[in-house]
Structures are given as C-alpha cells and as structure tokens.
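*Asks:* One structure follows; several queries about it will come next.
The values are calculated or read from the model by the stated rules, or taken from the named source; none is laboratory data. All of these numbers come straight from a predicted model, not from anything done at the bench. Cβ sites come from the backbone with ideal geometry, for glycine too, and all protein chains shown count toward neighbours.
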Amino acid sequence: MFVEKIKSGESGVLLYGITPPKTSTAPERIAEIAQKTIERLAGLDIDALVVYDVQDESARTNEERPFPFINALDPLVFASGYLGTLPVPKIIYRPAGKFSPDELTNWLEELYKNRFYPVFVGVPAPDFPVKTSLPEAYKLWSKHQNSSVIGAVTIPERHHVLKDEEVRMLDKMSCGVSYFISQCVFNLDYARQVIEDLAQNCKRQDVPPPTLIFTITACGSAKTLQFMEWLGIHVPDDVKADLLGSENMLEKSVKICFDIASALTTICQERSIPFGFNIESVAIRKAEIDASIDLVNQISRMLKEKGVRKPSKEFEVTAPGSF
C-alpha cells in the first residue's frame, strides 16, 4: 500500500496526477469525465492518484499567461464525489495558507474519513495574505500521523537559484513530512543537485532521507511548452531545440521523459535516496493523455527491470470504500 511504501522508504512508488474539471462544467459532463478517468486508470500500475488544486498564479510573474485561468472543481469534491470506484488512494493538494485552522481541521477530517492523503502547498503569490502557516498546518495534521502520511512539494528550479532546497525539505521533515513531489522535471542537472545536496545533509545530520517523487510530463505542442516555462519549469535549450525541431513533438517528449526517469533512477540508487515518479496528465488532448499512460507503463517496466518496483497485479474497478 501507498502509506506503507512511504513509511518504509520503499523506492519505485508510482503516482498519476490529474486536474479536476472546470467549475463551469455541467454535472453530467463531470460524471462522464470521471468515468473515463476511472476506466483509463483502473488497470494501471500506480500506487496513488494525485488530484491537484489549481491556483491562479498570474500574480507570481509579469509575463502573460499562455492559457487563460479558469477555476477548477475542488479536488476533494471531485475525488470523493466522482472517483470513489477507482481503487487506489488519492493524494489531495491544498494551499494551506488560504484557509483558517478550523477550515483545515475540517478538511483533514474529511480526508481521513475518505482515506485520502494531503499535500500542503504554498499560496499562489508571495503577497497573498496567509491564514495558516505551513508549520501550523502540519501540526493540525499530526493527530493522523500514525495511520497517514503527508507530502510536500520540492522545486529543483528554486534550488538552482537559492541553494537551500534541502534545508527547506529537512525543516518540513521535522514537521512530519515524509515524501516530496517535485515540480515537473525537464532539467536533469537541477534535479540531480537536489538529490546530491539532500543526501549529503541527511547523512551529515544522521536523518533517514525522505522519498523523492519526480513529476514527469509529456509535452505535445509549442503552446504547452510555453505554458510549462511560464509555470517556472526550466527546459534546457538543447531539450527545447530537440522538442521544437522534432517531426513528432509528443513522441520525442515521451522519449526525453523516459530517459530522464531512467537517469534519476540511477542517481537515486547510487545515493540511497528512496524515490518514485508522478506522471502528470493535465492536458485535455487525447493524444497527450494517451502519451501519459504510455509513460506510466514504460516507467513501470523500467523500474521492475531494475529490481526497484515489485510486480503487482492489475487493479480492478470495485465498489466505493472497498479498497
């Protein structure tokens, strides 16, 4: 199970990440999207489903957003109300600072009741008024720590600039965080530096390292690439040239993503860092969704061939609450 793998520091964790439908989506269409998601993922070899909380980050930068921001459904509402028959644990993102301690307490109780797991993230912009700090939010969660796990986000691009990502991670670990999900990785060197600095600090402080789960995302168009860069994802010039110069950008991106995942596997194994991957599917184009499924299967096979991930039987769609 997901919780046991995180608590024991087992490598090879596989997640799949999605965004909820837009709030303007008709209820019958939401149900249709959910059913397609369940059918697509029911037999996929994953340990948990990540459901993102979509925030408007326009205030973070002066650059124009490539795609207009549209509010999405609350991820807890979507996961609990529409994805109950998908028999995998759900990981729910939430910007803790946007909510009061009472609101977060109630939210955590809902998660616990549904056997979901939280990942607290920062507020959308630096000047956003914070109602609950991250340390306060972790303390609220701590009552569930014996039977639950809590995750946080790590950003290799931030480490490249500030050189303190491992310090941030160790601080969060002291609050109970046991795994970190990265921002999408296209710059292998940035991710490698996070791994190396974290490994050194954990060894120096004699602290068991957390599980690092690297987000992998296929990119099928120049517009998607532009949006990824707007989000702060660094795509090296040579990688960008390979993508834009390819006859089939989506196919090329899948190969690049697989190679990055394979390289990260080796790096983490060499430094005894427990690790895994979160394959995102945030695009609405069927080709990009299909590519994300292909990536899960490729990475799963790679991990098993390297002896990192144990073979597991395919999941089956079951009744709500039966897993």
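*Asks:* Restricting the stretch 252-285 to residues that are of a type in the set (G, A, S) and assigned to a helix (DSSP H, G or I), which is nearest to V185 (Cα to Cα)?
*Replies:* Initial filter on the stretch 252-285 (of a type in the set (G, A, S)): 253, 261-263, 272, 276, 281, 283.
Cutting the leftovers down to assigned to a helix (DSSP H, G or I) gives us 253, 261-263.
Values: S253: 12, A261: 9, S262: 12, A263: 12 Å.
Within the stretch 252-285, the match that is nearest to V185 (Cα to Cα) is A261.
*Asks:* Any chance you could count how many residues in the stretch 10-54 are of a type outside the set (A, V, I, L, M), in contact with a Phe, Trp or Tyr (Cβ under 9 Å, 6 or more places away or on another chain) and in contact (Cβ under 8 Å) with a residue 60 or more places away in the chain?
*Replies:* Counting residues in the stretch 10-54 that are of a type outside the set (A, V, I, L, M), in contact with a Phe, Trp or Tyr (Cβ under 9 Å, 6 or more places away or on another chain) and in contact (Cβ under 8 Å) with a residue 60 or more places away in the chain gives 9.
*Asks:* Would you confirm whether or not the stretch 41-49 contains a residue that is at pLDDT below 95 and surrounded by fewer than 18 Cβ atoms within 10 Å (Cβ to Cβ)?
*Replies:* Yes, some residue in the stretch 41-49 is at pLDDT below 95 and surrounded by fewer than 18 Cβ atoms within 10 Å (Cβ to Cβ).
*Asks:* Can you confirm whether E288 is within 25 Å of Y93 (Cβ to Cβ) and either of a type in the set (D, E) or part of a helix (DSSP H, G or I) (or both)?
*Replies:* yes
*Asks:* Consider the stretch 94-119. How many of its residues are modelled with pLDDT of 95 or more, assigned to a strand (DSSP E or B) and not charged (D, E, K, R)?
*Replies:* Going through the stretch 94-119 one residue at a time, the tally reaches 4.
*Asks:* May I pose another question? If I ask for residues that are of a type in the set (S, T, Y) and farther than 18 Å from M249 by Cα, which ones from the stretch 271-308 would you list? Talk me through it step by step, then tell me what you get.
*Replies:* Of the stretch 271-308, the ones of a type in the set (S, T, Y) are 272, 281, 292, 300.
Residues satisfying the conditions are S272, S300.
*Asks:* In the stretch 236-251, what count of residues is obtained for those that are surrounded by fewer than 20 Cβ atoms within 10 Å (Cβ to Cβ) and within 16 Å of L188 (Cβ to Cβ)?
*Replies:* So the count comes out to 7.
*Asks:* Restricting attention to the stretch 256-283, report how many residues are within 11 Å of G12 (Cβ to Cβ), surrounded by fewer than 20 Cβ atoms within 10 Å (Cβ to Cβ) and under 16 Å from the mean Cα position of the chain (by Cα). Give the derivation first.
*Replies:* Pass one, the stretch 256-283, residues within 11 Å of G12 (Cβ to Cβ): 265, 268-269, 274-277.
Still in the list and also surrounded by fewer than 20 Cβ atoms within 10 Å (Cβ to Cβ): 269.
Filter again for under 16 Å from the mean Cα position of the chain (by Cα), leaving none.
Matching residues across the stretch 256-283 total 0.
*Asks:* Kindly establish whether K203 is surrounded by fewer than 15 Cβ atoms within 10 Å (Cβ to Cβ), assigned to a helix (DSSP H, G or I), modelled with pLDDT under 95 and out of contact with any strand residue (DSSP E or B) (no Cβ under 6 Å at 6 or more places or on another chain). Lay out the reasoning, then the answer.
*Replies:* On the way: surrounded by fewer than 15 Cβ atoms within 10 Å (Cβ to Cβ): yes; assigned to a helix (DSSP H, G or I): yes; modelled with pLDDT under 95: no; out of contact with any strand residue (DSSP E or B) (no Cβ under 6 Å at 6 or more places or on another chain): yes.
It is false that K203 is surrounded by fewer than 15 Cβ atoms within 10 Å (Cβ to Cβ), assigned to a helix (DSSP H, G or I), modelled with pLDDT under 95 and out of contact with any strand residue (DSSP E or B) (no Cβ under 6 Å at 6 or more places or on another chain).
*Asks:* Within the stretch 8-32, how many residues turn out to be surrounded by fewer than 17 Cβ atoms within 10 Å (Cβ to Cβ) and not in a loop (DSSP other than H, G, I, E, B)?
*Replies:* Of the residues in that region, 7 qualify.
*Asks:* For the stretch 79-110, enumerate the residues that are surrounded by fewer than 20 Cβ atoms within 10 Å (Cβ to Cβ), out of contact with any Ser or Thr (no Cβ under 8 Å at 6 or more places or on another chain) and among the hydroxyl-bearing types (S, T, Y).
*Replies:* Selection gives S80, T105.
*Asks:* Separate question: Do you know which of the residues in the stretch 284-323 that are surrounded by 12 or more Cβ atoms within 10 Å (Cβ to Cβ) and acidic (D, E) is modelled with the highest pLDDT?
*Replies:* It comes out as D294.
*Asks:* Among the listed residues S246, S221, S262, identify the single one that is at pLDDT below 95 and of a type in the set (S, T, Y). Steps first, please.
*Replies:* Details: S246 fails: at pLDDT below 95; S262 fails: at pLDDT below 95.
Testing whether each residue is at pLDDT below 95 and of a type in the set (S, T, Y) leaves just S221.
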